[in-house]
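The values are calculated or read from the model by the stated rules, or taken from the named source; none is laboratory data. Because the structure is predicted, anything quoted here is derived from the model rather than measured. FYI the Cβ positions are ideal-geometry reconstructions off the backbone, even for glycines, and counts take in every protein chain you see. For the accessible areas, the whole protein counts, side chains as well, though only heavy atoms, and no ligand, DNA or RNA atoms are used. Shrake-Rupley method; radii C 1.70, N 1.55, O 1.52, S 1.80 Å.
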Amino acid sequence: MLHTLARVPDDPILGISAAFRRDPAPLKVDLGVGVYKDEAGETPVVRAVRAAEQQVLAVQRSKTYLSPVGNPGFNAGVLDLVLGADHAGRKGQAVAVQGPGGSGALRLGAELIRLASPGAVVHVSDPTWANHMPLIGGAGLKVEEYPYYDPARHAVRTDALLAHLDGLVAGSIVLLHGSCHNPTGQDLGEADWRAIGETLQRRGLIPFVDLAYQGFGGSLDEDAAPVRALARLVPEMLVAVSCSKNFGLYRERTGALLVVAADSTQAQIAAGQLGRIARTLYSMPPDHGAAIVDRVLADATLRSDWESEVAAMNARMRALRALLARELEARGTGDFGWITQQRGMFSRLDLTSDQVVRLREQHHVYVAPDGRVNVAGISPANVGHVADSIAAVLRG
């Protein structure tokens, strides 16, 4: 049986980190994998998470299963965090189901869409996160692209995007990045969100928001504002939430799928169906990360410290964007002010595939194959080498 299997090619992102680890060069920089890093190049444990984890372990009396829909305190906390205390005016019509990370939440959403509307098409931005299509397409759904990023202007193609949405049939699913667009860092503006929301409502389209970086673009509430606005506008929507970045719970695989339905009955039916879907995929979600998030969000002291640290991470990434732009411009390779206007961990440089390879092989600077760089991997210690290397490959 197994002899029929072909070797799987390296993951385009994870393969970068593997190659970086094998590289013996004394000066090398990993700007590929999408994890937050501190000044020392480490992905730290968030202070409030460490404190909450100790509290969770101190009072834990059992390792028995959760239910398929997960930790109830976590689910309630995430609903409030994303939709606000009033659930965007949809109290009772919004439910959350815990999933194994944001990726698991995306897959839960895709499976729910396939169950409710097998012929539905999911429209994703061009470009989008590399794993969106495999996660959603793997559920058996058709995936198509809508215009999003103009690399020449380093801006959103708003008119083309709206024209695409205006041509979709009712019931189509539109996957939107809630904040910190991956891979470009180019977010929708307030007017863009308003126009998109009006189009979704008028055309009967269903938003599926991937909220992986809440707090990394603006404040926690600012990054949730578009989701809340949509929830007040459209009858149905899905939101995939990740706790990997803002809580630093990467390996705990902690996330949730939020469902906003037309009424409370439909919301509870959706939650029941998601529980059954989860049961057939992985049976029960892991509790440890969810218990930590529940503790942080429920404790005023821990929550205040967590919010402060998320704001500090955000401020650091903004400062690194400005630093990288200054260093690149100082080398006479053009205007890079657009990097400072983007948000979150990522920007996509105008690099060809050959330049990406040369950057890696000649300068030991590792970026994603499409030129995406993780600005959190920049530091005052390495930015000179990074800027020199990028300038060198741009000059040819």
### Query
Which ³J(HN,Hα) values in Hz, rounded to whole numbers, follow from the phi angles of the range 328-344 under the Karplus curve 6.51 cos²θ - 1.76 cosθ + 1.60, where θ = phi - 60° and Gly and Pro get x?
5, 5, 5, 9, x, 9, x, 8, 10, x, 4, 4, 6, 8, 8, 9, x
## Note on the structure
Applied in sequence order to the range 195-206, the curve 6.51 cos²θ - 1.76 cosθ + 1.60 (Karplus, θ = phi - 60°) yields integer Hz couplings, x standing for Gly and Pro, of 5, 5, x, 5, 5, 4, 5, 5, 8, x, 9, 10
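Cross-link list Lys28/Lys63; Lys28/Lys142; Lys37/Lys91; Lys91/Lys245: which exceed 32 angstrom alpha carbon to alpha carbon? Walk me through the intermediate numbers first.
Details: Lys28/Lys63 42 Å; Lys28/Lys142 40 Å; Lys37/Lys91 37 Å; Lys91/Lys245 27 Å.
As for pairs spanning more than 32 Å Cα to Cα, those are Lys28/Lys63; Lys28/Lys142; Lys37/Lys91.
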### Query
With charges only on Cβ, +1 for K and R and -1 for D and E, what is the dipole size of the range 45-177 about its Cα centre, in debye, rounded to 20?
620
### Query
Pairing the Cα long axis of helix 353-363 with the longest principal axis of the chain, what angle in degrees results, from 0 to 90 and rounded to the nearest 10?
60
### Message
How charged is the neighbourhood of Ala25? Take every other residue with its Cβ under 13 Å from the Cβ of Ala25, and add Lys/Arg as +1 and Asp/Glu as -1.
### Response
+1
### Query
So for the chain: antiparallel DSSP bridges make up what percent, rounded to the nearest 5?
50
### Value of relative contact order over the chain, rounded to a whole percent, pairs C-alpha under 8 Å and six or more apart
25
### Query
Taking the Cα centre of the range 214-256 as the origin, how large is its charge dipole in debye, to the nearest 20, when only Lys and Arg (+1) and Asp and Glu (-1) carry charge on their Cβ atoms?
140
### Query
Mean separation of Cα pairs under 8 Å and 6+ residues apart, divided by the residue count of the range 60-209: what relative contact order is that in percent?
18
### Query
How large is the charge dipole for the range 313-396, taken about the Cα centre, if only the Cβ atoms of Lys, Arg (+1) and Asp, Glu (-1) carry charge, to the nearest 20 debye?
300
#### Entry: the range 161-237: relative contact order in percent, alpha carbon pairs under 8 Å with at least 6 residues between
38
### Summary
Kirkwood-based Rg/Rh on the Cα set of the range 119-179 evaluates to 0.98
## Note on the structure
Once Thr280 and Val121 are pulled to full extension, the length gained, defined as 0.36 nm per residue separation minus their Cα-Cα distance, is 54.9 nm
### Inter-probe distance in nm under a simple model that places probes 7 Å from Cα toward Cβ, at Ala319 and Glu222
1.7
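Roll a 1.4 Å probe over the protein chains and send me the accessible area per residue for the chain in Å².
Ligands and nucleic acids excluded, the figure is 43 Å² per residue.
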### Task
Place +1 on the Cβ of every Lys and Arg and -1 on the Cβ of every Asp and Glu in the chain, take the dipole about the Cα centre, and give the residue among Tyr250, Pro369, Thr184 whose Cα lies farthest towards its positive end.
Tyr250
### Task
May I ask which residue of Pro285, Ala195, Phe74 lies farthest towards the positive end of the charge dipole of the chain, with charges of +1 (Lys, Arg) and -1 (Asp, Glu) on Cβ and the Cα centre as origin?
Pro285
### Message
Only Cα pairs within less than 10 Å get springs; with that Gaussian network setup on the chain, which residue of Leu328, Leu320, Leu281 has the largest fluctuation?
### Response
Leu281
### Under-5 Å amide H pairs with Glu145, H placed in peptide plane, nonlocal only
Val124
### Task
Work out the FRET efficiency for Glu329 and Arg7 from their Cβ-Cβ distance, taking R0 = 35 Å, and round it to the nearest 0.05.
0.20
### Query
How far is the Cα center of the range 1-79 from the Cα center of the range 123-176, in Å?
27
### Query
What net charge is computed for the residues neighbouring Leu320, neighbours being all others with C-beta under 14 Å from the C-beta of Leu320, Lys and Arg scored +1, Asp and Glu -1?
+3
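I'd like the FRET efficiency for Ala18 and Thr352, computed as 1/(1 + (r/R0)^6) with the beta carbon distance as r and R0 of 25 Å, rounded to 0.05.
Values: r = 23 Å, r/R0 = 0.91.
Step by step, r from the Cβ atoms, then E = 0.65.
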#### Entry: Listed values (1) 17; (2) 23; (3) 61, entry calculated as percent of Cα pairs over 39 Å apart
(1)
### Task
Name the residue farthest towards the positive end of the dipole of the chain from the options Met1, Leu57, Val156, assuming +1 on Cβ of Lys and Arg, -1 on Cβ of Asp and Glu, about the Cα centre.
Met1
### Summary
Full extension between Ala312 and Arg47 adds, at 0.36 nm per residue less the Cα distance, a length in nm of 94.2 nm
## Note on the structure
Expressed as a percent, the accessible surface of the range 237-396 that is carbon or sulfur, using a 1.4 Å probe and the full set of protein chains, is 49
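Using 0.36 nm per residue of separation minus the Cα-Cα distance, give me the extension gain between Glu144 and Ala163 in nm, one decimal.
Using 0.36 nm per residue and subtracting the Cα-Cα distance, I get 5.4 nm.
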### Query
Sequence-distant or interchain residues sharing an amide H contact under 5 Å with Val174, placed H: which?
His123, Ile206, Phe208
